[in-house]
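The values are calculated or read from the model by the stated rules, or taken from the named source; none is laboratory data. Note that this is a predicted model, so its numbers are computed, not measured. A quick note on method: Cβ atoms are made from the backbone with ideal geometry, for glycine too, and the neighbour counts reach across all protein chains shown.
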Amino acid sequence: MSPLDWLDSLQASGIRPGLARMRALLRPLGRPERAYPSIIVAGTNGKGSTAAALESILRSSGYRAALYTSPHLVDIRERWLIDGEMIDPHLLEQSIELLRDAAKQTSITPTYFEALTLIAFIAFRQTRCEIAVLEVGMGGRMDATNVVQPMAAIITPIGIDHTEYLGSTLRTIAAEKAGVIHRGTMVLTSNDDSRVLAVLRRRAAKFGNRFIEVRDEHDTPLPGSFQRRNAALAVRAARELRKQLPRITAQSIERGIAATRWRGRLERLCTDGKEIWIDGCHNAHAMAALAPFIRDRLRPPRLLVFGIMRDKDIEPVADILFPLFECVIATEPYPPRSAPAADLATLARSRGIEAYAEAQPQRAIERALRSGQRTIFIGGSLYLAGAAVQYFDAQREERAEKEQRGEKPRAGHR
């Protein structure tokens, strides 16, 4: 079995929270997570873009920075960025082999996400990274990333999500995410809910850690007012870390923010006279942050291509998102975990919205492009965002190839 096949086989392991397997596997690997300092980023929404902004700042400051995020949109190698580039395929296979040897030695089979996280630790050590930014997968306390002793814990806005694992109230979810706060860890958060702040502050006080609330905003190339809060959180973290990371300057912070890229999050393109927006929003908390942008910035009439996982609380999402659109095309980006497209279409019709079911994402997107609406929003899941990015990238590449052959292209991307 090839290294990538072995990794893929672990997807059947499901979600099994706990750190015992991680710690047991890290020992024969020589504790790679201790080879460089780490910054951990937790929260419900905004983790990825905040982590990407901070990594960009660190790289602009002259550090060999690594970034570990999840999930990927198109290529699994997106999860591990080293010095701004996706992990080299050979390094990925080598890291998997080292992990597989440790699994054999200990007779411990990691879960899929544990394996991805262990690969990050191994690869970042192998390439002599100077600092790593780690995005928590789910929760915090029992997440596979939480085996590090981070120099900073950054906590983005917390909302209700993954209740089957994290609890059903905001306080219990906040307590799980506060688990990434350890002794000696500086804590920064952009949360403004008093219930969340009380939980986070109490955990930080237990260790006598600095606790910093970030309320300001900062310019960013990423669209959406909520991204201004995420950028400000990354900027404040960088400023507070200058003692430990002296290459960070006011100028490198601005360069890093300006260079931040994060695909599939309010990503805009135009094709055949239509404006397309792609976003990985996947819970009510994210939808509430996104709704004002859609209402104020996207010209009506609007069409929504929508797919979401069946384990999400779909009704609140529909209540926020569906009324912003004249038509909904429901799809299934990741069967069998996706909610059935037919059920989603029925849900939209029950709210008086024209709706259709098109299970295959590509067909759903193509149907949207044939519609009369000039504004199309594709969202509800990072899996759907990934399918959309892959579709339009392929269209763009096909167009470029035709132009190189001297063929007259049809109207398309710009």
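I'm trying to understand the selection: among the residues of the range 112-150, which are under 14 Å from the mean Cα position of the chain (by Cα) and assigned to a strand (DSSP E or B)?
Val133, Leu134, Glu135
For the range 218-236, state whether one or more residues are over 19 Å from the mean Cα position of the chain (by Cα) and either basic (Lys, Arg) or farther than 25 Å from Ala289 by Cα (or both).
Yes, the conditions are met somewhere in the range 218-236.
Filter the range 271-292 down to residues that are in a strand (DSSP E or B) and either modelled with pLDDT of 95 or more or under 14 Å from the mean Cα position of the chain (by Cα) (or both) and give me whichever is nearest to Asn45 (Cα to Cα).
This residue is Ile278.
Kindly indicate which of Gln360, Gln395 is at pLDDT below 95 and assigned by TED's automatic domain parsing to the domain that holds Gly280.
Among Gln360, Gln395, only Gln395 is at pLDDT below 95 and assigned by TED's automatic domain parsing to the domain that holds Gly280.
Does Val317 count as under 19 Å from the mean Cα position of the chain (by Cα), among the hydrophobic types (A, V, I, L, M, F, W, C) and more than 20 Å from Pro71 (Cα to Cα)?
For Val317, the condition - under 19 Å from the mean Cα position of the chain (by Cα), among the hydrophobic types (A, V, I, L, M, F, W, C) and more than 20 Å from Pro71 (Cα to Cα) - is met.
Scan the range 293-314 for residues that are of a type in the set (D, E, K, R) and under 21 Å from the mean Cα position of the chain (by Cα) and report the count.
Summing the residues that are of a type in the set (D, E, K, R) and under 21 Å from the mean Cα position of the chain (by Cα) in the range 293-314 gives 4.
Do we find a residue being under 24 Å from Met287 (Cβ atoms), touching a strand residue (DSSP E or B) at 6+ places or on another chain (Cβ under 6 Å) and either surrounded by fewer than 13 Cβ atoms within 10 Å (Cβ to Cβ) or of a type in the set (D, E, K, R) (or both) anywhere in the range 154-169?
Looking for residues that are under 24 Å from Met287 (Cβ atoms), touching a strand residue (DSSP E or B) at 6+ places or on another chain (Cβ under 6 Å) and either surrounded by fewer than 13 Cβ atoms within 10 Å (Cβ to Cβ) or of a type in the set (D, E, K, R) (or both), one finds none in the range 154-169, hence no.
Listed residues Val199, Val235, Val214, Val187; which is touching a His at 6+ places or on another chain (Cβ under 6 Å), at pLDDT 95 or above and among the β-branched types (Val, Ile, Thr)?
On inspection, the qualifying residue turns out to be Val235.
Could you give every pair whose Cβ atoms fall below 7 Å, whose first residue belongs to the range 165-183 and is more than 15 Å from Val148 (Cα to Cα), and whose second residue is at pLDDT below 95 and in a helix (DSSP H, G or I), counting only separations of at least 6 or pairs across chains?
Thr172/Leu166; Ile173/Leu166; Glu176/Leu166
What are the pairs with Cβ atoms under 6 angstrom where one residue, in the range 241-257, is in contact (Cβ under 8 Å) with a residue 40 or more places away in the chain and the other, located anywhere, is outside any helix (DSSP H, G or I) and among the basic types (Lys, Arg)? Sequence gap at least six, or different chains.
Ile248/Arg242
Condition first: polar (S, T, N, Q) and either farther than 16 Å from Gly46 by Cα or not in a loop (DSSP other than H, G, I, E, B) (or both). Now tell me which residues in the range 177-212 satisfy that.
Residues satisfying the conditions are Thr185, Thr189, Ser194, Asn209.
Out of the range 151-176, which residues are in a helix (DSSP H, G or I) and touching a helix residue (DSSP H, G or I) at 6+ places or on another chain (Cβ under 9 Å)?
Thr163, Tyr165, Leu166, Leu170, Arg171, Thr172, Ile173, Ala174, Ala175, Glu176
Could you count how many residues in the range 104-128 are buried (at least 21 other Cβ atoms within 10 Å of the Cβ) and either free of Cβ contacts under 8 Å to residues at least 24 places away in the same chain or hydrophobic (A, V, I, L, M, F, W, C) (or both)?
Total meeting the criteria: 10.
Okay, residues lined up against (1) modelled with pLDDT of 95 or more; (2) out of contact with any Pro (no Cβ under 9 Å at 6 or more places or on another chain):
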residue	(1), (2)
Leu92	yes, no
Ala103	yes, no
Val133	yes, yes
Arg141	yes, no
His162	no, yes
Glu176	yes, yes
His182	yes, no
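Please verify whether the range 163-185 includes one or more residues that are of a type in the set (A, V, I, L, M), touching an Asp or Glu at 6+ places or on another chain (Cβ under 8 Å) and over 19 Å from Ala288 (Cβ atoms).
There is at least one residue in the range 163-185 that is of a type in the set (A, V, I, L, M), touching an Asp or Glu at 6+ places or on another chain (Cβ under 8 Å) and over 19 Å from Ala288 (Cβ atoms).
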